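Everything below concerns the one structure shown next.
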Amino acid sequence: MVLIIGAAQFGAYADRALTAAFAADLQAAFTLNDAELGMLHGTAVIIPYAAGMIGASLCLRAVRPFLVMGLSVLAWSLAAAGFALATSYGELLVARMMLGFTQAAFAPAALSILALSSHPRPPVAISAMTTGSATGRSGGLLIGGALLLFAVSLEAVALEPWRVASLAMVAPNVLLALVLLGKSRLRVPFNAVASGRLVPTLRGLARAPVVHASYFVVAAAAIVIVQAGGAWAPTVLYRDFGLDVAESAMAVGLIVLVAAPLGHLSAGWLSARRPEDQRWPHAPILVGLGTTLAAAIALAAASSLAGAALALAAFCAGGGFAAAAALIGLQPMFPAEQRFTANTLFLSSVTLVGYGVGPLLTGLLSDRLGHDELRLALLLVTAGALIVAALAGLIGRQSLRSGRTDRVSACSGG
């Protein structure tokens, strides 16, 4: 089950990452500015995704989860094919919106299955799960870049190389959908953990609103930074360091493949060593974000491809550490029977903010500063998100030390 779910998660994030791999070709084909490209990278996907994910999480209690996952993968494969065949910017937007909406049902169904399993070291298991998103992003860039090179070599093909590469990504997804649908007769019992307990979860949030709100802000800032870097890193190498579209996508894919899992798994390992320390759960996220700021400064100052690659590796590792730490730190805030709903609300909301704001804001700043100032735009987004996160973290720490809650797990009775 875990391998199948992991493969589908890889495919979902790979499909989302394709616009980063094909960014320069998309801009040339449709005469897009950076803001419009930023919309395709994140906002168009994540708004329908977040809304659909919350709705799906409340309607899955009596449905076979493998059937839901199989239909979801099949539907987003059709959306990906629509993107590859789009003839206008409006059609690209609609296809990306459909991609987000059709992917929304997958996560709640997968969480319903995973909630029934146990692991002796939960932080390690969670970090392993979040690593799937990072490898999916790197896979999308690597596979997209390789397919671009292959498509360019097919001179007889009438379609542009980016369209051929996009269509080639559909076939593995359809195969995976058939595997999931083949298991659709399996019934997975939905216990209390996986049945969705919205009202008790909301009551838990209300018991310590400052702590939970500040934690959300810090976590959302982490996703803003991660998604901004992930969406624009290939374009940075393409514009500033002489790589072509395929080479820049593959280079960033390799960097993410090594550095991001290192950050995710490090967060899980460190959290597992100190599972009782919940005095300030915001701290590990802020440590990871501090690393991304240092890396963004180094990237902005880099004068060589090697220096830029090292800076991007540090950026990915710090972002991966922060993203995994955010999900790990959330778990002790809620008792076991509330974690499914809490995780769904948390993931949908921080993903909405991170995907919706990070890539788009970076594109807007790049347009305002100038076409050649993309690295500066990324640095400004990173620094701004870290400042907001640091202020929220300090507010959360003060609330925890004020006597209203002396442990995070006390926030909701855990």
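One quarter of the convex hull surface, Cα atoms only: what value does that give for the stretch 285-333 in nm²? List each step's numbers first, then the result.
Details: hull surface 11.7 nm².
Averaged projected area of the stretch 285-333's Cα convex hull equals 2.9 nm².
Just read off the accessible area of Leu265 with the full protein assembly in place, 1.4 Å probe, to the nearest 10 Å².
Looks like 90 Å² after rounding.
Stretch Val258-Arg368 to full length: gain in nm at 0.36 nm per residue minus the Cα-Cα span?
Using 0.36 nm per residue and subtracting the Cα-Cα distance, I get 36.3 nm.
If the viscosity is 1.567 mPa s and the temperature 4 °C, what Stokes-Einstein diffusion coefficient in µm²/s follows for the stretch 331-403 when Rh is the Kirkwood radius over Cα pairs?
On the way: Rh = 14.8 Å.
The calculation lands on 88 µm²/s.
How much accessible area does His371 have with a 1.4 Å probe, in Å² rounded to the nearest 10?
110
Given a 1.4 angstrom probe, what's the average accessible area per residue across the stretch 317-368, in square angstrom? Working shown, then result.
Numbers: 1410 Å² over 52 residues.
Spelled out: the 1.4 Å probe surface of the stretch 317-368, per residue, equals 27 Å².
So if I restrict to the alpha-carbon atoms in the stretch 224-360, what is the Rg, and what is Dmax, the biggest pairwise distance, in Å?
Rg and Dmax of the stretch 224-360, Cα atoms, are 16.3, 53 Å.
On a 1.4 Å probe surface of the protein chains, which of Phe346, Phe66 comes out largest in accessible area, and what is the full order?
In descending accessible area the options line up as Phe346, Phe66.
The values are calculated or read from the model by the stated rules, or taken from the named source; none is laboratory data. Fair warning: this is a prediction, and the values are worked out from it, not measured in the lab. Surface accessibility is based on the protein's heavy atoms, side chains included, excluding ligands, DNA and RNA. Shrake-Rupley method; radii C 1.70, N 1.55, O 1.52, S 1.80 Å.
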